[in-house]
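Report on the structure given below.
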Amino acid sequence: MHACENVGLVKFDILGIRNLSILGSAIELIAKTRDVQINLAKIPLDDEATFKMLADGGTMGTFQLGGSGMTRWLKELRPNRLEDIMVMIALFRPGPMNNIQEFIARKHGKVPVKYLHPKMERFLDKSYGILVYQDDILFMALELAGYDWSTVDALRQAIGKKKPKEMAEQHEIFVAGCQKFSGMTKEEAEQLWDLTVPFQGYGFNKAHAASYGIVSYQTSYIKTHYPVEYMCALLTAESGDTDKIAEAISECRRMKIIVLTPDINKSGVGFTIEDNKDSLQGRAIRFGLSAIKNIGTAAIESILKARSSGSEFKSLSAFSARVDLQKVNRKALESLIKAGAMDKFGNRASMLAALDKIIAESHKLAKQVSSGQTGFFDNDVIDLDASDITPGFDLPNLPEMPREELLLFEFEYLGFYLSEHPMQKKLEKLSDYITHDISQLDPEEHVGKTVTVGGIIVSMRKVFTKKNNEEMAFITLQGVDGAKVECVVFPRAFENNGNKEYWTINNIAIVSGKIDNREEKLSLVVDRVKEI
C-alpha cells in the first residue's frame, strides 16, 4: 500500500462485487417471474419489515451483516433506521467494536447519552455521543483542538494509514490544541485523545460506511420482500462453493422455501424458479445442473441444446441418444443418475446397471444416423423421443438401493444432503449437548474460548507426529445447517477419548475444545469427544 503511494500510484480496493451481482440477478428474476420492475434507488429506506428481519437474525446472505457476531449484535440493537446499519458496519471492526455494547445501551435508553464536550453534540448526535467514524475524529480536532482543513488531513492520514510515529506527533498537537483553543485541562484533553485510540487499529470513514450500509440495506430489503428470487440469485452466485450452497439451502429451509432436487427436464445451468403448489410462496427453487459434481459447461450446453430442440427426455435411453456422449460422458451420466436428476426415468439401481449397455447402444445408433443407415421411410425412422428406442434399452427390473445409500450419493455429488440427512433424528438431538452451533462460531468473539459443538465427520486425515511418532488427526465437522469447522485432535486427545471408532467418516460426534485462529481460519483444538 505505502510503496504504491510513494511512487505515485493510486490504490483502488473494489469490494462487494458479488453482492451487487446477486442484487442484479434477483432484480432480473423479479421482473421475469413477477413482472415487477425494481429500482433500487427508489426503494423506501425506512421499511419496517426489513428492519424486523434484521432484528430477528435473518441476516444470512446479506452484505456485511451475515456473520454470527454481527447477527447477534443486530438482534440486540433492533435497528430501525439506516444510520443504525451504517454505525454497526463501522463499529464491527478491530478496535471500534468495543463501543458496540455502549451504542446499543444508549440507543435503548439504558445508559444516558453524554458528550465529553458540549460542541461534540453537533457531529455525534446520530451516534448517541459515541465516536464511530474517522470523520468524527476530524470534526473533534477541528472544533476542539484548533486544527483547520489543511492541517487536519495529517491527523486523518496518521490514523487511517496506521503510522505510529505520526500518531505520536499528532497526539502532542491534539492535546496542546485542546488546552489552548478550548480551555481544557491536560487530563480532559487526554480523555478526548483516548477516544481516538480504537481507530488506530481500524476505522471507517462515514462515506465508506454509508456506501456499505446502502448495499447492506438493499440486499436485506430484497431478501425480505422477494425471498425466493433473492435466495435463487444467491444460490446461483455461490454454485461453485458447496459449503456456501449448504448454508444457503439451510437458510431456505428456515424461510420455508422449498429447494427441489435437480431434474434433467427442468433444471437450468444455475438455480431457477418454478411454480410449486406445496410451497408457502407458491413457487420453489430448482437445483441447477452446474452445482452437480462432474457436470461441466460442455455437458450442460449439450443437454440444454438437445432439450430445446425436442420434447422432454422420456427415458435414459432417449436421453443418451439425443445428447452428445463425447460431452456428456459416462462419468457425467453416472453423476446425473446418482444426484437424482434422472429419477423420473426409473430407479437408480436399474439405471446404473444398464448404463454401460445404454451407452454402447447409443454410440451404435449415432453411427447409424450419421451414416444414413436408418432409412428414408416412416417405419424406418428412429423416434429418439421414444421411451425405449430398442428392446435392448429396457431397464432391468431391480429393487432400489437403500434410502441411506441414495442419500450418500446425494452428499457425494451435490456436496451436502439436500432432501434429508440419513442421521436426521440424531442431529435433531444435538442442541441438547452443545453450547454453540458451528455456524455461530465467530473469530471476533470465540477465539481462545472453550466451546462444545456437534456434527457429522465429513472428512478426516490421520497423521503421525515427527517428534514421537504419535497418531493424531485433522477432522472436518459439519453441523445441522451445513456449516463446517476443522478440528485438530492432538495425540493425547486422540488416544484418551475411549473408542477410536468415534473418528469415523459419517459418524456424529460432539467435541469440546478451544477455538483457535489458524492461518486466518477458525479451528477447534479438541479436548474431549463423545457420541450421542
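Round to the nearest 0.05 the FRET efficiency obtained for Asp324 and Glu274 when R0 = 25 Å and r is the Cβ-Cβ distance.
The formula returns an efficiency of 0.45 here.
Pairing the Cα long axis of helix 134-144 with the longest principal axis of the chain, what angle in degrees results, from 0 to 90 and rounded to the nearest 10?
Rounded to the nearest ten degrees, it is 10.
Run the simple label-point estimate for Tyr115 and Glu190 please: 7 Å along Cα→C-beta, distance reported in nm.
2.5
Hey, what number do you get for the chain at 222 nm if only DSSP H runs of n ≥ 4 count, each worth -39500 (n - 2.57), divided across all residues, to the nearest 500?
Theoretical 222 nm ellipticity from helices: -13000 deg cm²/dmol.
For percent of Cα pairs over 29 Å apart, the choices are (1) 70; (2) 54; (3) 65; which was calculated from the structure?
Correct label, based on the coordinates given: (3).
As I understand it, the value is the acute angle between the Cα axis of helix 403-414 and the longest principal axis of the Cα atoms of the chain; what does it come to in degrees, rounded to 10?
Relative to the chain, helix 403-414 is tipped by roughly 60 degrees.
Where does the charge balance sit around Gln218 when Lys and Arg score +1, Asp and Glu -1, over other residues with C-beta under 13 Å from its C-beta?
Working: positive: Lys42, Lys223; negative: Asp47.
Here the count lands on +1.
In what sequence do Val453, Val7, Val323 fall when counting other Cβ within 10 Å, fewest first?
Ranking Val453, Val7, Val323 by Cβ neighbours within 10 Å, fewest first, gives Val7, Val323, Val453.
Normalised by the number of residues in region 426-530, what is the relative contact order in percent for Cα pairs under 8 Å and 6+ residues apart? Working shown, then result.
Details: 222 pairs, mean separation 31.1, N = 105.
Averaging sequence separation for qualifying contacts and normalising by length gives 30 percent for region 426-530.
Pairs of alpha-carbon atoms within less than 8 angstrom and 6+ residues apart define the contacts here; what relative contact order does the chain have, in percent?
After rounding, I find 10 percent.
Over the Cα atoms of region 22-64, what Rg and Dmax result, in angstrom?
For region 22-64, the Cα-based Rg and Dmax read 12.0, 30 Å.
Counting Lys +1, Arg +1, Asp -1, Glu -1, what net charge surrounds Phe51 among other residues with beta carbon under 9 Å of its beta carbon?
-1
What list do you get for Met60, Met167 if you sort them by fewest beta carbons within 10 Å?
Placing the least packed residue first, the sequence is Met167, Met60.
Note down the relative contact order for region 15-207 as a percent, whole number, built from C-alpha pairs under 8 angstrom at least six residues apart.
Value for region 15-207: 18 percent.
Within 10 Å of each candidate Cβ there may be at most 11 other Cβ atoms; applying that plus a DSSP loop requirement, which trypsin sites (Lys or Arg not before Pro) in region 4-58 survive?
Lys11
Which entries in the list Lys426/Lys530; Lys305/Lys327; Lys52/Lys223; Lys484/Lys514; Lys244/Lys331 go over 18 Å, if you measure between the two C-alpha atoms of each?
Over 18 Å apart, Cα to Cα: Lys244/Lys331.
Which of the peptides 310-322, 272-284 is most tightly packed, and how do the rest follow, judged by the mean count of other Cβ atoms within 10 Å per residue?
Per-residue mean Cβ counts within 10 Å order the peptides as 310-322, 272-284.
Which order results if Thr59, Thr504 are arranged by neighbouring Cβ count within 10 Å, fewest first? Provide the component values of the computation, followed by the final result.
On the way: Thr59 25, Thr504 13.
Sorted ascending by nearby Cβ count, the order is Thr504, Thr59.
Computed from the coordinates by the stated procedures, all read-outs in this text should not be read as laboratory data. Fair warning: this is a prediction, and the values are worked out from it, not measured in the lab. Cβ: placed from backbone, ideal geometry, glycine included. Neighbour counts: every protein chain shown.
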